[in-house]
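Dropping a structure here in structure tokens format, bear with me for questions.
The values are calculated or read from the model by the stated rules, or taken from the named source; none is laboratory data. Computed from a predicted model, the values in this text were never measured in an experiment. Glycine gets a Cβ as well: all are built from the backbone with ideal geometry, and neighbour counts include every protein chain shown.
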């Protein structure tokens, strides 16, 4: 009976894996087959042009805008996410406060991104009278991905060997000093990897950008000015039903960027560079 149950579990897992790979392959094939042949040097190095706008030219400023948008979102969400995770694990001793923080984080993670964009628009643009810009849009995306960063870093901190912490305290080392000199360097790769994954989550968001600063055409990317972004560019092309081939090409570029971000995250997490260096060093010796 046990063997039958084991077989059924393995069969279920195998079938589920095949279905998942099939669906993923079809999604990628559908987009790549319609967009890959539209990608060339002109498409990657020029701005949209033609009439209607976007039927010719490329997505250069969209790539630049998405790059800076992702970097800013990663930095802001990482600063607040890591700080709150450290406070929650090492400094918060009040169970009621801890429960409130965890509930707030879970609530933020379930809020639709368009509502986060609406909040940022209402508070930063209407109330504080900031201009729609790359900075404001980055704030909205950092709020969106902040729960992901905080939750992952908090889990990593809780998984650290408690013996290290006990030994530090037994030697009379201050908690803050221990965090700066021992724990944070120990999880540095995890923080960078988590930030990259958060960036890959942020770069594909469209809804918050509709209210906070994305535009269809601009000649340069500036921190305090409206900007272009890949998901917004795709949205505009498809919503106007013009140059759908360009929309699929833009989608293909966006997927390639997402794949690169995930690969970089894995490379940093498993320290491939360090292992290659160690292998070369050992081979020479």
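Here is a yes/no grid of residues against (1) surrounded by 14 or more Cβ atoms within 10 Å (Cβ to Cβ); (2) over 21 Å from residue 196 (Cα atoms):
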site: 82; (1), (2): yes, no
site: 87; (1), (2): yes, yes
site: 92; (1), (2): yes, yes
site: 95; (1), (2): no, yes
site: 101; (1), (2): yes, yes
site: 109; (1), (2): yes, no
site: 115; (1), (2): no, yes
site: 118; (1), (2): yes, yes
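Within region 91-120, which residues are closer than 19 Å to residue 204 by Cβ and free of Cβ contacts under 8 Å to residues at least 40 places away in the same chain?
Those that are closer than 19 Å to residue 204 by Cβ and free of Cβ contacts under 8 Å to residues at least 40 places away in the same chain: 108, 110, 111, 115.
Which one is nearest to residue 66 (Cα to Cα), of the residues in region 233-245 that are at pLDDT below 90, assigned to a helix (DSSP H, G or I) and touching a helix residue (DSSP H, G or I) at 6+ places or on another chain (Cβ under 6 Å)?
So, considering only residues that are at pLDDT below 90, assigned to a helix (DSSP H, G or I) and touching a helix residue (DSSP H, G or I) at 6+ places or on another chain (Cβ under 6 Å), the one nearest to residue 66 (Cα to Cα) is 237.
A follow-up question, please. Residues that are surrounded by 15 or more Cβ atoms within 10 Å (Cβ to Cβ), modelled with pLDDT of 90 or more and out of contact with any strand residue (DSSP E or B) (no Cβ under 6 Å at 6 or more places or on another chain): does region 19-33 have at least one?
Yes, region 19-33 has at least one match.
Ok, one more. If we keep just the residues of region 16-49 that are part of a loop (DSSP other than H, G, I, E, B) and in contact (Cβ under 8 Å) with a residue 24 or more places away in the chain, which is farthest from residue 249 (Cα to Cα)?
47
Related question: Is there any pair with a first residue in region 140-161 that is on the phi < 0 side of the Ramachandran plot and surrounded by 20 or more Cβ atoms within 10 Å (Cβ to Cβ) and a second that is modelled with pLDDT of 95 or more and not in a helix (DSSP H, G or I) whose Cβ atoms are under 7 Å apart and which are 6 or more apart or on different chains, and what are they?
Partner pairs satisfying both residue conditions: none exist.
May I pose another question? For the list (1) touching a residue at least 12 places away in the same chain (Cβ under 8 Å); (2) under 20 Å from the mean Cα position of the chain (by Cα), I need the number of the one condition that residue 247 fails.
Only one criterion in (1) touching a residue at least 12 places away in the same chain (Cβ under 8 Å); (2) under 20 Å from the mean Cα position of the chain (by Cα) is unmet by residue 247, namely (2).
To continue, here is another question. Residues being surrounded by fewer than 16 Cβ atoms within 10 Å (Cβ to Cβ), within 24 Å of the chain's Cα centre (by Cα) and within 24 Å of residue 133 (Cβ to Cβ): count how many of those fall in region 41-67.
Final tally of qualifying residues: 0.
For residue 216, all conditions in the list (1) in a helix (DSSP H, G or I); (2) surrounded by fewer than 18 Cβ atoms within 10 Å (Cβ to Cβ) hold save one; what is the number of the exception?
Unmet for residue 216, out of (1) in a helix (DSSP H, G or I); (2) surrounded by fewer than 18 Cβ atoms within 10 Å (Cβ to Cβ): (1).
Here's something else I'd like to know. Looking at (1) assigned to a helix (DSSP H, G or I); (2) exposed (fewer than 10 other Cβ atoms within 10 Å of the Cβ), find the lone condition where residue 70 falls short.
(2)
Something else now. Residue 269 - would you say it is in a helix (DSSP H, G or I), in contact with a helix residue (DSSP H, G or I) (Cβ under 8 Å, 6 or more places away or on another chain), modelled with pLDDT under 90 and over 25 Å from residue 40 (Cβ atoms)? Please lay out each step first, then the result.
Numbers: in a helix (DSSP H, G or I): yes; in contact with a helix residue (DSSP H, G or I) (Cβ under 8 Å, 6 or more places away or on another chain): yes; modelled with pLDDT under 90: yes; over 25 Å from residue 40 (Cβ atoms): yes.
When the stated conditions are applied, residue 269 passes them.
I'm trying to understand the selection: among the residues of region 123-132, which are out of contact with any helix residue (DSSP H, G or I) (no Cβ under 9 Å at 6 or more places or on another chain) and surrounded by 12 or more Cβ atoms within 10 Å (Cβ to Cβ)? Let's see the steps before the verdict.
Our first condition is that a residue be out of contact with any helix residue (DSSP H, G or I) (no Cβ under 9 Å at 6 or more places or on another chain); within region 123-132, this holds for 123, 126-129.
The one that is out of contact with any helix residue (DSSP H, G or I) (no Cβ under 9 Å at 6 or more places or on another chain) and surrounded by 12 or more Cβ atoms within 10 Å (Cβ to Cβ): 123.
Restricting the search to region 57-90, which residues are touching a residue at least 24 places away in the same chain (Cβ under 8 Å) and more than 30 Å from residue 251 (Cα to Cα)?
If the condition is that a residue be touching a residue at least 24 places away in the same chain (Cβ under 8 Å) and more than 30 Å from residue 251 (Cα to Cα), then 80, 82, 84, 85, 86, 88, 89, 90 are the ones that fit.
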